[in-house]
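See structure below.
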Amino acid sequence: MVCTYTSVCALSVGQRSLQSHDTQVDPGSVAATAAATAAAIAAGADHEDEDLNDDRREDGYGEDRYGDDDIPHDERTEDSGEASIPGSTPEELLIDEHRIANAYIEALKYASLDDENLPPEVLERLRSPRAPPKIDDLDTTMSLRLYLSSPNISVECYNAICEAVCLRHPEDSLLSFDQVKKKLAEITGVVSLPVDMCPKSCHAYTGPIFGPLTKCYYCGEPRYDPLVLEATGGKVKRPRQVFHTMPLGPQLQAQRGTPEGATDMLYLRNATESIFVELKRKKKIEVYKDALYGTKYIDAVRNGEIGKDDPVLVLSVDGAQLYRDKKSDCWIYIWVLLNLSPHKRYKKRYILPGGIIPGKPKNFDSYLYVGLHHLSALQREGLPMWDALKKKVIDTNPYLALATADGPGLAMLDGTVGHTGALGCRVHCAVVGRHRPGAPCYYPAHLKPHDYNVAGCDHDSIDVSRTLVNAYQYKLAFVLASANQTQFELRRKQTGIAKPTIFSGILRRAKITDLFPLNIMHALNLNVPELHHRLMRGTMDCIAPDSKDAWAEWAVFMDNDRWEAHGRAVADTRPYFPGSFDRPPRNPAQKINSGYKAIEYQNYMYGLGPGLFYNVLPEKYWINFCKLVRVARIMFQHEITFDQVSIAHQTAVEYVKSYETLYYQQKVSRIHFCRQSVHNILHLAPETARGGPLSYTLQYPMERTIGNLGQEIKQPSNPFANLLQRAVVRCQVNALRALVLDLSCGGPEKRIRIELGDGYTALHPRDGSGQKIAGPEGLVICEALQGETDNYTQARLVRWARIRLPNGQIARCAWKEGQRPLENVRMARNIKVRAHSPLRMLALVSMYPPHDPTLFKKSEHTLRACTLPGANSLRVINVKDILSVVAMVPMPRHAWIEGKPTVFVVEKLGLDISHMGGAEEIA
């Protein structure tokens, strides 16, 4: 598709339509394999990759229906599966942390819904679902609508509204506030499960080890209120603090409660069929369009692990600070349903809250156990659902495809060491880190430093174009066989594994090595941009004998005057960023050390960077930076072609090689320049092929959930209880909308608009009547209309100022936008258009000249710079040729092309993903 960039002059519709406790160890447990496997690992014994999950579903998408010997499997250079390892059973695991983790894993394998203290009616509903009830009582309907009219309605407000309604309609009998809450739980079946926890958040009282305790395993704090115990003679055991989990089962059952919901849930089934048809015909995936398009999901389907109607889940975990200046730390996790299309699954309406965990836990597994126990129980018993489309109960079985978190959260989920460990790679990469003599932190320096002989780190330079993957299961068994703490710490360093992950106890899930995807939101939007900023500012730690004088070539902003001038140049770009780009980057000289947002880093580094750093960074450093930008721009796309994946991988290899050559220079004193976030760039393209575009597993849905739930907190004295209440209501409201009612509240009356079709909408303001268009603009319009039925000699059109595009952006025209001073504008009249199609709904545009091809090539296809439109640049196009709104940012004078004023293109990264999550410009 040929695309060009232009500026909207006018839009027209009218005459022309526009628009330390012992535990038993099961012989089949992970612990039972440890001792026998340790010696084999140490000797380098080979084991064949076998899948632990041998019970294939007969009703799945297995080979009988879609399989084909020519369909590619996920190939990795070393064993990455979960092998069945023979061996004898040790009497007990010797490391305390391992005993606790293994106890949770074994408990999950025998989970039952009967053990969860669910209300009898909820339990009955989970096992024998029925068609959703019809609410015929108008008073009940009215009460529910009043309750849900505000996202955080108080008791006083609800009662006041009810009183006003009853004054006008005394015959109405509205439900009380408590009755509405009970009715909501009754209709949806959604409740929360309270569980005791340590008041210092050390652990929850769950599982076979922590569950029976009466005081904290770690800090010794009493579980129950001692005053209440004493006053009642030990009869009343009131927990000092609890946390809550929202069971997943009722929320999943609600999704098929209406024909519309059941139809939405068919997305995964239909997409899977299309994928296998494409694979059979073309032998490869040509365009990765979703997380379903990677080999991880495809192999799971081929192996019969996922049935046609099974819910396929993503668990997302993140920490949150509810108040900036108040101790309010907590953890939240949610479920995302891959059965829904990307345009639905990430929106607030379809996000399924899972649990609220106050504080900073020492043992996170003890809290996550409740939600995973419920999932495991559903998998063991099956989850029947009423399907409103088929009008019958169908059998399903949930499958856990992914578990996502940021770096610190991921270490808690997968049981690996942190990113500063010897093997700190998140994809179990075999690259061993290096450290400075006497320093504790490891860094993934691929090139061996000169004159370097640190034991355990002095391996040869690594070819970054080929990285091996660890044999996870055998490494884990090696760690579990540790005889004492000293040996455990040594083996932890050798393997990068600290303990078995609790997810090993989940029966129906992806392989452990496939379960935890890379998190590019923090790596590409925060870690890598901050690293390059510190390099250019010269603020990296300078370790002797290195000297900052040696950094002068690339630390171009060490001079404060030059840095402040650059900061002003960044701030001056604000008017050229459309509102759809979210937050434009603030002056980095003033704000980068005080809460610079991820979106600001993204717009600054990957949007403005190639243009503003041109002729500022020396050319070889600028080209290296542009390689990074090219990789990032590809990785944030929601659709990535097979060829783009190859280009991204090759560019990533070139970037990492040149980065280490230019900055690290194989100096021991600069090992800390080689960050894990730089190394992870090597895995982005391969992980895209294995799991689809990584933009579909970003933490943005989790971040948005934290944000919008946090906004509903109105009780600062007890924010955790208030947050829990809001999360439970969110679950119930979403379930109710899926089951029974359309509860969307009517907004204000929409202003004048015209739906143009295909997702395009013309928006106010507009001309009240047709206006004569004179001058060059009128001539261009008349010329474009020639050849129609009429012979146009003058143009009289109704102009519209704005148009909403299918991607949620709003394009504005110069007619209205030009009436405001530049400092008050977020310019949205620069657009990207496709090759012209027949004229039906018109837009008058001024076309930019073609970009400079030499600069474009030199910048690794990241800098499209051109001069301003000339006198003969006016064109008339079909409004549906507008693809997106872009920023056209002025280049600094020293970078002008042929001495003429020059602009360069900035496109919003991840635009489609943010639109899928519900982000849309306000009309």
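The values are calculated or read from the model by the stated rules, or taken from the named source; none is laboratory data. Source: prediction; values computed, not measured. Accessible surface is based on the protein model in full, side chains and every heavy atom, while ligands, DNA and RNA are left aside. Shrake-Rupley method; radii C 1.70, N 1.55, O 1.52, S 1.80 Å.
With only the Cα atoms considered, segment 123-177 has a convex hull volume of 110 Å³ per residue.
Working from the alpha-carbon coordinates of segment 630-711, get Rg over Rh, Rh being the Kirkwood radius. Could the numbers behind the result be given before it?
On the way: Rg = 16.0 Å, Rh = 14.5 Å.
Dividing the radius of gyration by the Kirkwood radius yields 1.11.
Both numbers refer to the Cα atoms of segment 587-641; Rg and Dmax are 12.7, 40 Å. Ellipticity at 222 nm from helices only: DSSP H runs of n ≥ 4 in the chain, each -39500 (n - 2.57), divided by the residue count, give -10000 deg cm²/dmol.
Return one quarter of the surface area of the convex hull spanned by the alpha-carbon atoms of segment 583-738, equal to its mean projected area, in nm². All intermediate terms of the calculation are to be shown ahead of the outcome.
Working: hull surface 56.0 nm².
Averaged projected area of segment 583-738's Cα convex hull equals 14.0 nm².
Dividing the convex hull volume of the Cα atoms of the chain by its residue count, what figure in Å³ per residue is obtained? Spell out each step's value before the answer.
On the way: hull volume 189.7 nm³, N = 923.
In the chain, the Cα convex hull volume per residue is 205 Å³.
Once Rg and the Kirkwood radius are both taken over the C-alpha atoms of segment 794-866, their ratio Rg/Rh works out to 1.03.
Just round it to a whole percent: the fraction of Cα-Cα distances in segment 838-890 exceeding 19 Å. Could you put the intermediate results ahead of the total?
Numbers: 579 of 1378 pairs.
Tail of P(r) above 19 Å: 42 percent of Cα pairs.
The phi torsions of segment 266-277, fed into the Karplus equation with coefficients 6.51, -1.76 and 1.60 and a -60° offset, translate into couplings of 7, 4, 4, 4, 5, 5, 5, 4, 5, 4, 6, 5 Hz, rounded to whole numbers, with Gly and Pro shown as x.
For a distance above 28 Å, tell me the whole-number percent of Cα pairs in segment 500-654 that qualify.
Working: 3870 of 11935 pairs.
The share of Cα pairs beyond 28 Å in segment 500-654 comes to 32 percent.
Ratio of Rg to Rh for segment 292-359: 1.13 [Cα atoms; Kirkwood radius as inverse mean 1/r over pairs].
For segment 189-260, the equivalent ellipsoid derived from the alpha-carbon gyration tensor has semi-axes of 34, 14, 9 Å in decreasing order. In terms of Cα atoms, the Rg and Dmax of segment 116-266 work out to 20.9, 60 Å.
Within the P(r) computed for segment 448-510, what percentage of the Cα pairs occupies the region above 13 Å?
Working: 1413 of 1953 pairs.
Result for the distance tail: 72 percent.
Of the heavy-atom accessible surface of segment 194-308 (probe 1.4 angstrom), what whole percent is carbon and sulfur? Taking all protein chains in place, segment 194-308 shows 52 percent carbon and sulfur surface.
So what does log10 I(q)/I(0) come out to for segment 522-590 at q = 0.18, 0.20, 0.21 Å⁻¹, using the Debye formula with one equal point on every Cα and no solvent? Taking Cα atoms of segment 522-590 as identical point scatterers yields -0.80, -0.92, -0.98. Counting only lysines at least 8 places from Lys880 when in the same chain, those with an alpha carbon closer than 22 Å to its own are Lys816, Lys832, Lys908.
When averaged across all projection directions, what area in nm² does the alpha-carbon convex hull of segment 225-358 cover?
Values: hull surface 53.0 nm².
That works out to 13.3 nm².
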